[in-house]
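Take a look at the structure set out below.
The values are calculated or read from the model by the stated rules, or taken from the named source; none is laboratory data. Since the structure is predicted, the reported quantities are computational estimates derived from the model, not experimental observations. FYI the Cβ positions are ideal-geometry reconstructions off the backbone, even for glycines, and counts take in every protein chain you see.
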Amino acid sequence: MSTNPFFYGRTVSGSAFIDREEEITEITSSLKRGQSVILFSPRRYGKTSLIKQVFADLESNGLLVFYLDLYRITSLERFAAYYSQTVLSSLRSGADKIFSLVKALLPSLKPKLTYTEPNLPSIELELTLEALRKQSTLPEMFDFLEKYCNKKKLRGCVVFDEFQEISGFDVDRRLEREMRSAIQHHTSVSYAFLGSKMHLMRELFRDKNRPFYNFGKHVELGTIDAKHWIPFIKAGLKNTGSSFTSEECRRIIVLTGGHPYYTQMICSELWEQAVHCGAADVGDLIDGALQAVFARENHAFIEIWDALSPAERRLLCALAEKEDTALFATEFLQQYRLGAASSVQRVVERLSKKGIIDRTGKGYRIIDPVFTHWIMREDQPEL
């Protein structure tokens, strides 16, 4: 029996990676020529999988690529340790040569060459908060890779995944200021900043009062079009014992909105049910797959729902029925008993900060399409 070809919950590559050719070409070209990139979208849209496709192209062209996932970084000290360790451990030189460079280029961090085991040298840096708050320390740290690449006649690229997490510990914006001040002058190293908390990424890079305002090329990742999904889904389901037409595949895309994570998840459930149920009605199989996804996500959705105020719930129910609408129009506010426009604005701000809704061309939408269907279920309690 063939194996399930649909994957979710992890980065994907090869035949499991869908579309994004334009984004990959645009981002790769920008980073190659030294143009930094800001890539943002809601969670589970495939940013990390995409950037790893970009890695392969950059590395094949001789660039040094450094990847940092900041999701669990909670302090300036941890950031500095993670950043410096990632850079130093990946350089193409022996420890003694690197140490000489570090000593020359990072004097504020008081580097030491230590041997935890024979023939296994490592470089230790002074990364206390006191040391990092010295005026010269952070600029030295960020300039080090640029100077190394210039010396070796190399090009580099640093990727910060979940970059918005610095907002949680960089309360005085010192890291923002020092990073921007240093890297805006770099010509041998380019940078990619990835983020999934849309309101924080917009604050970081679109607020005129923030250091990173007007920095880099902005790429906002959307869902994947049905024209790319339909052949992929049909190919994945063709040996299951059930025949799926293009229209039936399109129904799946309508359910998921082309959301990469949920499309893969529903198709994975659909593949399992089709293989084990044989030549069952395809419509029933799709309904069964959707119910299986509801069951899998139900606990998480209940936690979200229970934490919401009645006003937040009412707004979500309204958006589930009419997304991308004129949210503050009097008729809409009255129809869904949402209250005054000023009160709704505060609710919108809270839901945006929680990452539950996001702006669209005309209004707002619920980011998670399956959560939208979950809200609209007939057995949802009356508000």
Residues in segment 181-209 that are touching a Leu at 6+ places or on another chain (Cβ under 6 Å) and among the charged types (D, E, K, R) total 0
Checking S36, S29 in turn, the sole residue that is more than 29 Å from S268 (Cβ to Cβ), buried (at least 16 other Cβ atoms within 10 Å of the Cβ) and among the small types (G, A, S) turns out to be S36
Counting only residues in segment 41-94 that are crowded, with 17+ Cβ neighbours inside 10 Å and more than 23 Å from the chain's Cα centre (by Cα), the one farthest from K153 (Cα to Cα) is identified as L88
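Would you point out the residue of segment 218-246, among those that are among the polar types (S, T, N, Q) and either assigned by TED's automatic domain parsing to the domain that holds R43 or buried (at least 19 other Cβ atoms within 10 Å of the Cβ) (or both), that is modelled with the lowest pLDDT? Don't jump to the end; show me each part of the working.
At the first step, the residues of segment 218-246 found to be among the polar types (S, T, N, Q) are 223, 239-240, 242-243, 245-246.
With either assigned by TED's automatic domain parsing to the domain that holds R43 or buried (at least 19 other Cβ atoms within 10 Å of the Cβ) (or both) added as a condition, the list becomes 223, 240, 242.
Values: T223: 90, T240: 81, S242: 77.
Looking at residues that are among the polar types (S, T, N, Q) and either assigned by TED's automatic domain parsing to the domain that holds R43 or buried (at least 19 other Cβ atoms within 10 Å of the Cβ) (or both), I get S242.
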- Has segment 296-304 got at least one residue that is of a type in the set (S, T, N, Q), under 30 Å from C249 (Cβ atoms) and assigned by TED's automatic domain parsing to the domain that holds L237? yes
Filter segment 19-38 for residues that are among the aliphatic types (A, V, I, L, M) and out of contact with any Gly (no Cβ under 8 Å at 6 or more places or on another chain); the one that is farthest from T223 (Cα to Cα) is L31
E21 passes all but one of the listed conditions (1) surrounded by fewer than 17 Cβ atoms within 10 Å (Cβ to Cβ); (2) closer than 29 Å to K147 by Cβ; (3) over 15 Å from the mean Cα position of the chain (by Cα); (4) not hydrophobic (A, V, I, L, M, F, W, C); the exception is number (2)
Contact list, first residue from segment 193-217 and assigned by TED's automatic domain parsing to the domain that holds Y67, second anywhere and among the charged types (D, E, K, R) and surrounded by 21 or more Cβ atoms within 10 Å (Cβ to Cβ), beta-carbon distance below 6 Å, six or more apart or interchain, is L194/K47
Note on Y213: of the conditions (1) aromatic (F, W, Y); (2) under 23 Å from the mean Cα position of the chain (by Cα); (3) crowded, with 17+ Cβ neighbours inside 10 Å, unmet is (3)
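Taking the condition farther than 17 Å from L154 by Cα, in a helix (DSSP H, G or I) and either touching a helix residue (DSSP H, G or I) at 6+ places or on another chain (Cβ under 7 Å) or not basic (K, R) (or both), does I27 pass?
yes
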Across segment 211-266, the tally of residues that are within 22 Å of R10 (Cβ to Cβ), assigned to a loop (DSSP other than H, G, I, E, B) and among the small types (G, A, S) stands at 3
